[in-house]
1. Expressed as a whole number of Å, what is the distance separating the alpha-carbon centroids of region 79-104 and region 1-59?
2. Per the 1.4 Å probe, what fraction of the accessible area of the chain, in percent, lies on carbon and sulfur atoms?
3. Determine, for each peptide in 106-116, 91-101, 1-11, the mean count of other beta carbons within 10 angstrom over its residues, then list the peptides with the highest first.
4. With a probe of 1.4 Å, find how much accessible area the chain has per residue, and write the answer as a whole number in Å².
5. Tell me whether the chain comes out rounded, prolate or oblate; compute the Cα gyration tensor, take square roots of the eigenvalues as a ≥ b ≥ c, and use a/c under 1.5 as the rounded threshold.
6. Among 79-89, 41-51, how do they line up from the highest to the lowest mean number of other beta-carbon atoms within 10 Å?
Amino acid sequence: QVQLVESGGGLVQPGGSLRLSCAASGFTISNNAMSWYRQAPGKERELVAAITSAGGSTNYADSVKGRFTISRDNAKNTVYLQMNSLRAEDTAVYYCKSQGPYATQRHWGQGTQVTVSS
């Protein structure tokens with residue numbers, strides 16, 4: 001079965017760090033653009049970070065630039081989101097998305113909760 005499984009979420013204090021992982025199974029992500037989204041209660045899902053298939057280009061939401069880093073390890077079929085200097089406003093469910101060459105080749109993970117609170 002085709003799956004994207006996020007892990008690494010949890011409760012962290014402001015200023016702390018977390019690393020999220022997104023492991024793909026049932027398909028290969030090597031030719032796919034990968035991205036992380038997040039959705040806080042009562043808010044729309046927003047793009048946090050994106051990375052091209054080769055990893056040569058990344059994009060970040062203004063709110064996370066300088067704090068978050070997206071990376072990929074195609075050999076491990078996994079994408080990561082390193083989150084540093086976390087703030088309360090980073091609290092959300094974080095989702096991993098894979099987009100293949102065809103419009104239909106889109107997959108979402110189940111999401112992992114990140115809570116930043118003292």
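1. 3
2. On the way: 2870 of 6210 Å².
Roughly 46 percent, rounded to a whole number.
3. Values: 106-116: 16.7, 91-101: 19.4, 1-11: 14.6.
Order by mean packing, descending: 91-101, 106-116, 1-11.
4. Numbers: 6210 Å² over 118 residues.
In whole numbers, the chain has 53 Å² accessible per residue.
5. On the way: a/c = 1.81, a/b = 1.65, b/c = 1.10.
Prolate, since a/c reaches 1.5 and a/b exceeds b/c.
6. Details: 79-89: 18.4, 41-51: 14.1.
Top to bottom by mean Cβ count within 10 Å: 79-89, 41-51.
The values are calculated or read from the model by the stated rules, or taken from the named source; none is laboratory data. What you see is a predicted model, and the numbers here were worked out from it, not measured in a lab. Every residue, glycine among them, receives a Cβ derived from its backbone with ideal geometry; neighbour counts consider all protein chains shown. Ligands, DNA and RNA are excluded from the accessible area calculation, which covers all protein heavy atoms including side chains. Shrake-Rupley method; radii C 1.70, N 1.55, O 1.52, S 1.80 Å.
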